[in-house]
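Single-structure report; data block below.
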Amino acid sequence: MNAVAGLLRRIDSSGVPQLLARLAVGGMFAYLAYMKLQDPLELLKQMHLYNSFPTDPPQLINAVAVVLPWFELLCAVALVLGLWARGAAASVAVMLLGFAPPLIIRALGLYHDPPTGAPYAGFCAVSFNCGCGTGEVFICAKLAENIALFGGAILVLVSASSRFSLDGLSWRRHARSTSRTHAPAV
Amino acid sequence: MKTTLTTIAQMVGLAVIALALGFGANTVRGKNQVHLGRDYKPKSVPRTDVEPSGRDTATTTTVADPNSQAGQKLPSNSEAAAEFQHVSLDEVRALQADPKTASGSYLFVDARKDEAFEAGHIPGAIQCDYWRLDTYLDAVLPRVLGVEKVIVYCNGKQCEDSLELCRTFTQTAQVPWSSIYLFKGGWEEWSAAKLPVETGREDKP
C-alpha cells in the first residue's frame, strides 16, 4: 500500500499529471468560454430554457449570463498558466457540480416529453442545445465530458506539485528570498 | 487550513475580476448586449378578449386544439396552447399563398436571429429577433399594428421565442390578440416540407 502511495507521490511530484490536467481542463474551458462570449444572449436564452435558474429578479439571471463566460475564461487562463491554479480548479469543480442537476433535469424532461412527439431511443439519445457553447449535445456524452473535466480539476486541486506553473515560480522566489533573509551571518 | 483559505481567496479574486470584465465588456457590446434590467421572459397575463364562456372572440379558422395536428404533440410551453391561436403548416402554407400576404394584409414575422434569418426564411417574412427587440421593435410594431393577421414563428417546437414575441406584441404593444397567430412548427417544419424559401435580409421598412 505504501509502495503504491509512494509511486503516486513520485508521479505527482514530477508535475506532469498536473500540467496535463491543467492544459486539458483549461483548454476546454477556454474554448467553451470563447464560444459563449460570441453571443451572451444565446447563453441567456438557453439558461431560460432550463427553467432551473431563478428569474425573479431578472437582473440575476442576466448578470450570470454576462459574467459566467468571463469567469470561465479567467479560470481557463489561470489553469493554463498555473497562476492561482488551485482556486481556478476549485471554481471549475464547483461550476461543473452546479451545472449537473439542471442538465439532468432538462434531459429527463425532454426524455419524458419529447418535443417532436416521437420517443427517444433511450436517455442517452436525448440531445439538445445545452448552452455550453458547443451547440446541440447528447446528454450522456455531455455528462461524461463534465465528469472527465471534474476529475481533471480535482487532480489539480489535490496535487502537491507546483512545477511548470507560475504559482511554483512565485513560491520558489519567495522561498529563496526568505532563506536569504534568514541566512546565518558567516 | 492555510491552503484552503488561499484557494477560497483565489476563487473570490477570480470572481471579482470576472464581474468587472463581464459588466465592463457588456457595456461596450452593440447588438449582443444583455440589458441587465430587461425581463426577457415575462410572466404571461390572461387574455383580455375572451368571452366568459371561454370562446375566442376572434373570427378564426385556425387550429384551436393542437391535438388535431396529426402525430404532433402539444407545444412545449403548454400555456401557449391556451394563450394564442395556433396555425399548422398547411394553414401557414395557405396563408402565405393568399393574395392578402402579397398585398400586406397578412404579415409573417420571424423571431430568429440574424444568421438564421439570412440563411432562409418564409418568403415575405420580416425579422424581429425577440432577444434584440431594441434593434427591431420600433420598425416592426407599426407594421404589425396595421395588418389583419400576424403569423409569428421561430425555429421550431423547442423554441419559445415566437411565443415570447407574441406576448410582447399583445402585452406591451397592445396588438389585438385576435390578430396574432403562432406557428409553433416554425422554420423546421417549413424547411422540412421543402416549401419556397427566401434568403438574405428583408427590405428595410
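The values are calculated or read from the model by the stated rules, or taken from the named source; none is laboratory data. A quick note: this is a predicted structure, and the numbers were derived from the prediction, not measured. Backbone-built Cβ (ideal geometry, glycine too); neighbour counts: all protein chains shown. Accessible surface is based on the protein model in full, side chains and every heavy atom, while ligands, DNA and RNA are left aside. Shrake-Rupley method; radii C 1.70, N 1.55, O 1.52, S 1.80 Å.
Residues A:Ser127, A:Ser165: which one is on the phi < 0 side of the Ramachandran plot and in contact with a strand residue (DSSP E or B) (Cβ under 9 Å, 6 or more places away or on another chain)?
The unique qualifying residue is A:Ser127.
Restricting attention to segment B:171-187, which residues are assigned to a helix (DSSP H, G or I) and either closer than 16 Å to B:Gln96 by Cα or within 12 Å of the chain's Cα centre (by Cα) (or both)?
Residues satisfying the conditions are B:Ser179, B:Gly186, B:Trp187.
Residues in segment B:132-144: is at least one part of a loop (DSSP other than H, G, I, E, B) and under 25 Å from A:Phe128 (Cβ atoms)?
No, there is no match, as no residue in segment B:132-144 is part of a loop (DSSP other than H, G, I, E, B) and under 25 Å from A:Phe128 (Cβ atoms).
Name every residue in segment A:109-144 that is more than 10 Å from every other protein chain (Cβ to nearest Cβ) and β-branched (Val, Ile, Thr), in order of residue number.
A:Val126, A:Thr134, A:Val137, A:Ile139
Do we have A:Val4 as more than 21 Å from A:Leu143 (Cβ to Cβ), within 12 Å of chain B (Cβ to nearest Cβ) and surrounded by fewer than 20 Cβ atoms within 10 Å (Cβ to Cβ) here?
No, not satisfied.
What do you reckon, is A:Glu42 of a type in the set (D, E, K, R), at the interface with another protein chain (Cβ under 10 Å from one of its Cβ atoms) and within 12 Å of the chain's Cα centre (by Cα)?
So A:Glu42 does not fit the description; no.
For segment B:145-153, state whether one or more residues are closer than 21 Å to B:Trp187 by Cα and either of a type outside the set (A, V, I, L, M, F, W, C) or in a loop (DSSP other than H, G, I, E, B) (or both).
yes
Can you tell me which of A:Ser170, A:Ser91, A:Ser161 is under 30 Å from B:Val16 (Cα atoms), at pLDDT below 95, in a helix (DSSP H, G or I) and of a type in the set (S, T, N, Q)?
A:Ser170
So B:Tyr153 ticks every box in (1) of a type in the set (Phe, Trp, Tyr); (2) touching a strand residue (DSSP E or B) at 6+ places or on another chain (Cβ under 6 Å); (3) more than 23 Å from B:Pro42 (Cα to Cα) but one. Which box is left unticked?
Exception for B:Tyr153: condition (3).
Only one of these conditions is not met by B:Tyr136: (1) farther than 16 Å from B:Lys41 by Cα; (2) out of contact with any Cys (no Cβ under 6 Å at 6 or more places or on another chain); (3) within 14 Å of another protein chain (Cβ to nearest Cβ). Which number is it?
It is condition (2) that B:Tyr136 fails.
Output the residues belonging to segment A:56-83 that are polar (S, T, N, Q) and surrounded by fewer than 17 Cβ atoms within 10 Å (Cβ to Cβ).
Listed by number, the list holds a single entry, A:Gln59.
Being more than 8 Å from chain A (Cβ to nearest Cβ), part of a helix (DSSP H, G or I) and among the polar types (S, T, N, Q) is the filter here; which residues of segment B:8-44 pass it?
Result: B:Thr27, single match.
Just checking, does segment B:188-199 include any residue being open to solvent by less than 10 Å² (accessible area, probe 1.4 Å) and β-branched (Val, Ile, Thr)?
No: zero hits.
Based on what the data block shows, is B:Val175 out of contact with any Pro (no Cβ under 8 Å at 6 or more places or on another chain), within 18 Å of B:Tyr40 (Cβ to Cβ) and hydrophobic (A, V, I, L, M, F, W, C)?
In short, no.
Which one of the conditions (1) in a helix (DSSP H, G or I); (2) open to solvent by 30 Å² or more (accessible area, probe 1.4 Å); (3) under 15 Å from B:Arg143 (Cβ atoms) does B:Gly124 fail to meet, given that it meets all the rest?
(1) is the only condition that B:Gly124 fails.
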